[in-house]
Amino acid sequence: MIVMWNSTLVVTPRGLTTTMIPTGDDAFQIDFDFVDHELVIVTSRGGRSTVPLRPMSVAHFYDQVLAAFAQLGVPDPGHRDDAPQAEFYSYAMPAPAGLADAAIQPESAQWVATRGEFILPYEAVRTAADPAAALLTFLQSTYDAAADLGGWDRPLLEARPPCDCVRVPTPSRADGRRV
């Protein structure tokens, strides 16, 4: 089961609330109580836990919130194998015939048939020897596949229009590298 915590915060007389978030056969609600300076988590089964709102690192606050969820039996979607993960994506609409079978780079990229798009996990880019090159390779290879299979007019699409513009100088850092 994937637990989605996408929730708009709603203003209350005491602070902010998520309103009810379903989790399978249970539900919970998170209230930021700015009057009593605490985060209050309540469940539909009557459970209640609080985390004091005081100066602390985000990591420490997150750990305390996870501990409160665990105490209440609320699943943590951030540490589930089936939870959505950060990723880059690329698609063509309409998808040309054969796009799903195109050879896309880097190897960690894959076609997701249910979504009709290629994805590249953020983690693969983050841990690549050259993250910028890995991402550019993904974007270029998906563009090449869509353009070639779709019969796009690539010379027209890729032509750089002439420009008699005045170039704006690129700011440099103290070490001479561009900003």
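A few points about this structure:
- Crossing angle, helix 58-72 versus the chain [Cα axis fit, 0-90 degrees, rounded to tens]: 60
- Principal semi-axes in Å for the chain [√(5λ), Cα gyration tensor, largest first]: 44, 25, 16
- Sequence-distant contacts, meaning Cα pairs under 8 Å at least 6 residues apart, place the relative contact order of the chain at 13 percent.
- Principal-axis tilt of helix 131-149 within the chain, Cα atoms, nearest 10 degrees: 60
- Electrostatic bookkeeping for ASP31 treats Lys and Arg as +1 and Asp and Glu as -1; over the other residues with beta carbon under 15 Å from its beta carbon, the sum is -1.
- Shown is the FRET efficiency for ASP130 and CYS163, computed with R0 = 25 Å from the Cβ-Cβ distance and rounded to the nearest 0.05: 0.25.
- Counting 0.36 nm for each residue step from ALA67 to SER44 and taking away their Cα separation leaves a gain of 6.5 nm.
- Top of ILE119, ILE30, ILE104 by mean-square fluctuation, Gaussian network on the chain, Cα under 10 Å: ILE30
- A simple count of charges around ARG14, restricted to other residues whose Cβ falls under 13 Å of its Cβ and scoring Lys, Arg +1 and Asp, Glu -1, yields -4.
- Close amide-amide hydrogen proximity is noted between GLY15 and PHE34, each under 5 Å apart and 5 or more residues distant or on a separate chain (H modeled in the peptide plane; Pro and chain starts excluded).
- Of ARG115, ARG54, ARG160, the one that fluctuates the most in a GNM where the chain has Cα springs shorter than 10 Å: ARG160
- Phi to ³J(HN,Hα) by Karplus 6.51 cos²θ - 1.76 cosθ + 1.60 over region 21-36, Hz, x for Gly, Pro: 10, x, 9, x, 9, 9, 7, 9, 9, 10, 10, 8, 9, 7, 7, 8
Values in this text are rule-based calculations from the coordinates and carry no lab data. The shown structure was predicted, so the numbers you read here are calculated from the model rather than taken from an experiment. With ideal geometry, Cβ positions are generated from the backbone for all residues, glycine too; neighbour counts draw on all protein chains shown.
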